[in-house]
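First comes the structure, then the notes that go with it.
Taken together, the values in this text are just the output of simple stated rules run on the coordinates, not laboratory data. These numbers were taken from a predicted model, which means no experiment stands behind them. No Cβ is skipped: glycine too gets one built from the backbone with ideal geometry, and neighbour counts run over all protein chains shown.
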Amino acid sequence: MDGAYPKDVSQVQSTTTRRPYFPAHGDDGYRVGHYDLFLDYRITSNRLSGIARLSATASRPLERLSLDLGAFRVSAVLVDGRAVRFTHRAGKLHLTPKRPGPGPGPFTVEVHYSGAPRPVSSHWGELGWEQLDDGVIVASQPIGAPSWFPCNDRPDDKASYRIEITAPAAYTVVANGELAGRRRAASAVRWVYEQAEPMATYLASVQIGRYQPTELGPRMRLFHPGRLGARARNDFGRQDRMMALFTERFGPYPFASYTVVVTEDELEIPVEAQGMSIFGSNHVDGARGEERLVAHELAHQWFGNSLTAADWRDIWLHEGFATYAEWMWSEVSGGPSTTAHAAHWHRQLSALPQDLVLADPGVRDLFDDRVYKRGALALHALRTYLGDLAFFSLLRTWTTENRHGSVTTEMFVDLARQYDPRSPESFFAAWLYGSRLPPLP
């Protein structure tokens, strides 16, 4: 944009290249409706054995299809119950069914695999299944899911899940959804979790550790190392008030429950998963020193998990909204107001390079702090323009109409226009598609 403010959203959108950020991930020839994962994990040897059954629907006849899967040994693949030829290299499992292949219409894939799970290397470090000092953490955003199960790894392909995992009896296993069963057999325990609401692959998660449970309130659970119990209960003790605030502002909580896991290890940042957030021991000080992160991760259950960006370029729809939720919680809990936060961060961002486009930041800047803060500033500017009544009505409509779905920046702009049809094109174009930071209203 050469630093100028664009004048028209449609003109900017028409010139924006919509190439996927991760073209090697995913297959657009089908969609998965449900994953059944049967896993057995040995902690001491870091060995994972699995059977994954995918119930999918092809959009066209498929002579060949692919799944994303890391460096495992694949022993068998079946499509609709019949063994098929396959090749597995460079993180892709390519299947060649006997003719006629599946589709258009429903079909099933079953993959038998085993090996030592390894995280996926990326610009942001290692992603996915990772050994802790005494357990496992799964942190897959954005492309780490293939580190532990075969999948169609694209954010707009959301499915329900059943995750059955057997682990040593001394450990607690936490996964997405609701605990549907737990059975001990000799020195191991089989855990079964069911995630009924559609979930993107990168949000699927398993946490294994020597955890103790604490009930934080209705539908809210906390798992933590025993030594951190008092600190964790204090630091997450106002989560029920956050839940009440966000329910009022964003609409009903979109899942059956919410789980927080605190690991024994330190983590650089908290980890987002559907219906769950994972914090490191360094985020728990007993004095609520990281409470803004508690608010941020809870807000992701609406923005990121229920409403998931269809394309990674629209990640501001996750991070900008969660950051603005931090500011909202700050205001009601006795900290600086949203206006004060906006003024502070506008000054900070004004001093930084003006080369980031919020609605298309590029792969390397996907998690740049400017995406988070400028996204929150864009929402504050829109709130100032529309007024509180219209703004929060817009947010509640946004979460209701797109509950458990995939969303884009264009969809949000189209909805926002309905709350003030006189909204100038330049407002949205400048905040979302211009590289130069606009002034606050």
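Where in the range 316-336 does the amide nitrogen come within less than 19 Å of the point 7 Å from the Cα of residue 352, taken along Cα to Cβ?
316-328
Report the full-extension gain for the segment residue 230 to residue 337: residue separation times 0.36 nm, less the Cα-Cα distance, to one decimal in nm.
35.6 nm
Report the label-to-label distance for residue 122 and residue 82 in nanometres (one decimal), using points 7 Å from each Cα along the Cα→Cβ vector.
Placing both labels 7 Å beyond Cα along the Cβ direction yields 3.7 nm.
In a shell of Cβ-Cβ distance under 13 Å around residue 393, excluding residue 393 itself, what net charge do Lys and Arg (+1) and Asp and Glu (-1) give?
Result for the local shell: -1.
Label points 7 Å out from Cα along the Cβ direction at residue 269 and residue 133: separation in nm?
A separation of 2.4 nm, rounded to one decimal place.
Taking amide hydrogens as modeled 1.01 Å from N in the peptide plane, which residues meet the under 5 Å criterion relative to residue 405, leaving out close sequence neighbours?
Those qualifying (amide H under 5 Å, at least 5 residues apart or on another chain) are 308.
Mean-square fluctuation check for the chain, GNM, Cα pairs under 10 Å: which of 267, 222, 366 is largest?
267
Take the Cα of residue 422, step 7 Å along the line toward its Cβ, and report every residue of the range 380-409 whose backbone nitrogen sits under 14 Å from that point.
385-387
Specify the inter-centroid distance of the range 250-275 and the range 125-171, based on alpha-carbon positions, in whole Å.
A separation of 14 Å, based on Cα centres.
Using Cα pairs closer than 8 Å and at least 6 residues apart in sequence, work out the relative contact order for the chain, in percent.
15
Compare 418, 131, 141 in a GNM of the chain, Cα atoms joined below 10 Å, and give the one with the largest fluctuation.
Judging by the Gaussian network model, the answer is 418.
Rg and Dmax in Å for the range 211-306, alpha carbons only: what are they?
Every Cα atom of the range 211-306 included, Rg and Dmax give 12.3, 36 Å.
Which whole-Hz couplings ³J(HN,Hα) result when phi for each residue of the range 394-407 is put into the Karplus expression 6.51 cos²θ - 1.76 cosθ + 1.60, θ = phi - 60°, listed in order with x for Gly and Pro?
4, 5, 5, 5, 4, 6, 6, 5, 10, 3, 6, x, 10, 10
Just to confirm a number: summing +1 for Lys and Arg and -1 for Asp and Glu over residues other than residue 74 whose beta-carbon lies under 13 angstrom from that of residue 74, what do you get?
+2
Can you compute the helix-only [θ] at 222 nm over the chain? Use -39500 (n - 2.57) per DSSP H run of at least 4 residues, normalise by all residues, nearest 500 deg cm²/dmol.
After summing the helix terms and dividing by the residues of the chain, the value is -7500 deg cm²/dmol.
For Cα extents along the principal axes in Å, several values are listed as [x] 68, 60, 34; [y] 62, 56, 34; [z] 93, 73, 44; flag the one computed from this structure.
Given [x] 68, 60, 34; [y] 62, 56, 34; [z] 93, 73, 44, the calculated one carries the label [y].
Pop the C-beta distance of residue 384 and residue 55 into the FRET formula with R0 = 35 Å and round what comes out to the nearest 0.05.
The pair residue 384/residue 55 has a calculated efficiency of 0.15.
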